[in-house]
Amino acid sequence: MIDFTEEQLERYSRHILLDDVDVDGQEKLLQAKVLIVGAGGLGSPAALYLAAAGVGTVGIIDNDVVEISNLQRQIAHFSKDINIPKVQSATEKMSAINPDIRIRTYREYLCADNISEIIMDYDFIIDGTDNFPTKFLVNDACVFLGIPFSHGGILRFNGQTMTIIPGQTACYRCSFRKPPPDEVPLCAQAGVLGAVAGMLGTIQSAETLKYITGAGDLLTNSLLTFDAKTMTFRKIRLDRHENCPICGSEPQITELVDAEQAVCGLA
Amino acid sequence: MTTTITAEVFQDLRGVGCPMNLVKTKVAFSKMKSGQILGLILDNGPPINNVPRSVTREGHEVLSQEQLADGAWSVLIRKA
Ligand SMILES: [Zn+2]
């Protein structure tokens, strides 16, 4: 059992006051390890909220440097950070919010060769990537290693997210079999309302904190979608599929492979 | 025969305002077993009005509360 310092008791008092989190939930947060894939639109709010919540170890992977066009939605990065690596910029903000936590940075792209080694040490993964091939790669690696994760995606005024507990609840491939063909890059041409990134990344953060503390019911076996234009939220039931190519009874996917990918810098 | 209930864990929370008095109460409970008795000293005013109500809502049982000479309150609570 952790002996909280006076400062920690005050810092985390609003968590401890919640019956569903309480002292032991905050202890679990301080002992948890969460990896954020992508330090962009979704990863930025996730990084800030996980740091603020006292998640003991936060890993963050991204190969990009901060560009001025990121600043409209990637709220961990400031104008002064242009041209510095996103993982470095995000680390500075996380430490400034909460010096209590350990931060591990990975300045690289996730691919079939490195993903297992990087994610295997974590309790939960937040997928904040901006392209379908990486989303499928994260799904497949998490299913193979049995690591729970939050899927998330945003485009224009829309967001979608679901939480996956491999082996127990529907995975991303149960419903979305493979990356869409001839994928239009989600990035530059499409555009996205800045705050939509915050909405979605914040929902993913809440799911992470719920998973770690055991509070409430997770967004499993269902896809939450919203349209910020009409501010309509919808929860679509998605069941696990017996014939899922990766988590079904006779999986056809038995190893990780890289799909060719349009590398772009939105999310 | 008289039975006197005595606290197994005791915290003097004089001068500790809301909500930190409840936070400290919850920390004390987290180190206790179910059925054990926690004794608190709470200031008059918001602390005595709020802490017993909050712990009751969380399922613990307030056994007694009695005002002391200095105006503060001595409260005994059995952990759920
Ligand atoms: Zn599946």
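The values are calculated or read from the model by the stated rules, or taken from the named source; none is laboratory data. None of the values given here were measured: they were computed from a predicted structure. Here the Cβ positions follow ideal geometry from the backbone for every residue, glycine too, while neighbour counts run over all protein chains shown. Calculation scope for accessible area: heavy atoms of the full protein, side chains included, ligands and nucleic acids excluded. Shrake-Rupley method; radii C 1.70, N 1.55, O 1.52, S 1.80 Å.
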Does A:Val21 count as touching a residue at least 60 places away in the same chain (Cβ under 8 Å) and within 14 Å of chain B (Cβ to nearest Cβ)? yes
Here's a check for you: in region B:24-46, which residue that is within 14 Å of another protein chain (Cβ to nearest Cβ) and not in a loop (DSSP other than H, G, I, E, B) is farthest from A:Asp22 (Cα to Cα)? B:Leu38
Please verify whether region A:46-60 includes one or more residues that are of a type in the set (Val, Ile, Thr), more than 28 Å from B:Lys24 (Cβ to Cβ) and without any contact (Cβ under 8 Å) to a residue 40 or more places away in the chain. no
Can A:Ala195 be described as open to solvent by 40 Å² or more (accessible area, probe 1.4 Å) and under 16 Å from the mean Cα position of the chain (by Cα)? no
So which of A:Asp100, A:Asp121 ends up being assigned to a loop (DSSP other than H, G, I, E, B), touching a residue at least 24 places away in the same chain (Cβ under 8 Å) and either of a type in the set (Phe, Trp, Tyr) or surrounded by fewer than 16 Cβ atoms within 10 Å (Cβ to Cβ) (or both)? A:Asp121
Contact list, first residue from region A:217-235 and open to solvent by less than 30 Å² (accessible area, probe 1.4 Å), second anywhere and in a strand (DSSP E or B) and of a type in the set (Phe, Trp, Tyr), beta-carbon distance below 6 Å, six or more apart or interchain, is A:Phe226/A:Phe233
Within region A:196-247, how many residues are within 14 Å of the ligand (Cβ to nearest atom) and outside any strand (DSSP E or B)? 12
What number goes with the only condition from (1) outside any strand (DSSP E or B); (2) at pLDDT 95 or above that B:Val75 does not pass? (1)
The conditions are (1) more than 16 Å from the ligand (Cβ to nearest atom); (2) more than 18 Å from A:Lys86 (Cβ to Cβ), and A:Ile164 fails exactly one of them. Which is it? (1)
Looking only at region B:15-62, which residues are surrounded by 17 or more Cβ atoms within 10 Å (Cβ to Cβ) and charged (D, E, K, R)? B:Lys24, B:Lys26, B:Asp43
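Here's the yes/no breakdown for (1) part of a loop (DSSP other than H, G, I, E, B); (2) more than 12 Å from chain A (Cβ to nearest Cβ):
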{"residue": "B:Ile5", "(1), (2)": "yes, yes"}
{"residue": "B:Gly15", "(1), (2)": "yes, yes"}
{"residue": "B:Leu22", "(1), (2)": "no, no"}
{"residue": "B:Ile48", "(1), (2)": "no, yes"}
Just name the residue that is farthest from A:Gly41 (Cα to Cα) out of those in region A:65-124 that are touching a strand residue (DSSP E or B) at 6+ places or on another chain (Cβ under 7 Å) and hydroxyl-bearing (Ser, Thr, Tyr). A:Tyr122
Pairs, first without any contact (Cβ under 8 Å) to a residue 24 or more places away in the chain and more than 17 Å from A:Pro133 (Cα to Cα) in region A:151-165, second among the polar types (S, T, N, Q) and buried (at least 18 other Cβ atoms within 10 Å of the Cβ), C-beta under 7 Å, six or more apart: none
Looking only at region A:138-161, which residues are in a helix (DSSP H, G or I) and within 14 Å of the ligand (Cβ to nearest atom)? A:Val138, A:Asn139, A:Asp140, A:Ala141, A:Cys142, A:Val143, A:Phe144
